[in-house]
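What follows draws every value from the coordinates through simple rules; no lab data is involved. Quantities reported herein were computed from a predicted structural model and do not represent experimental measurements. For neighbour counting, all protein chains shown are included, and Cβ atoms are generated from backbone atoms with ideal geometry for every residue, glycine included.
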Amino acid sequence: MPDTQQNMDVVELLRRTKVEIAPAAFVLVGVSHHDWARLLEQPELSPRAGAPFMLLRDKYEVTLLLEEADWQTMRHAVRDARAEAGFRLVTLDIELGWHVVGYLALVTELLARAGISVGALSAFSRDHLLIKQDDLGTALRVLGEHVAELC
């Protein structure tokens with residue numbers, strides 16, 4: 001069989017993964033749809049153009065993942081927002097197709113065994129984890145035993 005991603009098991013995919021840690025700390029923020037509409041009217045409160053951020057709007061709320069610096073800029077405009085700070089963004093740097101089954105489950109299972117809570121985020125081609133700063137060292141030790149490189 002050819003060595004394609006479809007034929008590779010998730011353990012091998014994890015073994016080929018590079019783990020990257022974003023240098024900044026992140027905040028996870030939940031705002032009402034009303035507050036989100038107000039933020040959109042004030043472009044100066046948007047995240048910096050080059051900064052990583054994520055946005056999810058569902059029927060309940062709008063969730064933002066922002067660097068702490070961007071949150072400090074906008075927080076006065078959304079006083080009723082719920083915010084959880086102190087996260088680090090960990091990127092699992094391997095491009096995965098949507099046919100891959102169990103990769104993220106394996107990663108989160110390894111971290112769960114070590115007592116580490118994570119938030120999982122999937123971009124188009126890569127997965128990311130939100131891990132509390134206090135747990136980052138342990139998480140990297142756990143993952144370091146299974147991945148190609150820690151960056």
At q = 0.15, 0.20, 0.21, 0.24 Å⁻¹, what is the base-10 log of I(q)/I(0) for the stretch 26-85 according to the Debye formula with one equal point scatterer per Cα and no solvent? Please give it to two decimals.
-0.36, -0.67, -0.75, -1.01
Helix-derived [θ] at 222 nm for the chain: sum -39500 (n - 2.57) over DSSP H runs of at least 4, divide by residue count, nearest 500?
-8000 deg cm²/dmol
Using each residue's phi in the stretch 130-139, evaluate 6.51 cos²θ - 1.76 cosθ + 1.60 at θ = phi - 60° and report the 3J(HN,Hα) Karplus result to the nearest Hz, with x for Gly and Pro.
9, 10, 4, 3, 5, 9, 4, x, 5, 4
Mind listing the long-range amide H neighbours of Leu150? Cut-off is under 5 Å, sequence gap 5 or more, other chains count too, H placed in the peptide plane at 1.01 Å from N.
Val19
Would you please give the residues with an amide H less than 5 Å from that of Gly86, counting only those at least 5 places away or on a separate chain, with H modeled from the backbone geometry?
Phe26
Which distance in nm do the two modelled labels at Leu45 and Ala120 give, with both placed 7 Å along the Cα-to-Cβ direction?
3.3
Just rank Ile94, Ile131, fewest to most, by other beta-carbon atoms within 10 angstrom.
Ile94, Ile131
Can you work out ³J(HN,Hα) from phi for every residue in the stretch 70-80, in order, using Karplus 6.51 cos²θ - 1.76 cosθ + 1.60 and θ = phi - 60°, giving whole Hz and x for Gly and Pro?
6, 5, 4, 5, 9, 4, 5, 8, 9, 4, 8
Estimated dipole of the stretch 26-85 in Debye, rounded to 20 [Cβ of Lys and Arg +1, of Asp and Glu -1, Cα centre]
100
Computed log₁₀ I(q)/I(0) - Debye formula, equal Cα scatterers, no solvent, the chain, q 0.09, 0.10, 0.18, 0.21 Å⁻¹
-0.34, -0.41, -1.06, -1.27
If the only charges are +1 at each Lys and Arg Cβ and -1 at each Asp and Glu Cβ, what is the size of the charge dipole of the chain around the Cα centre, to the nearest 20 debye?
200
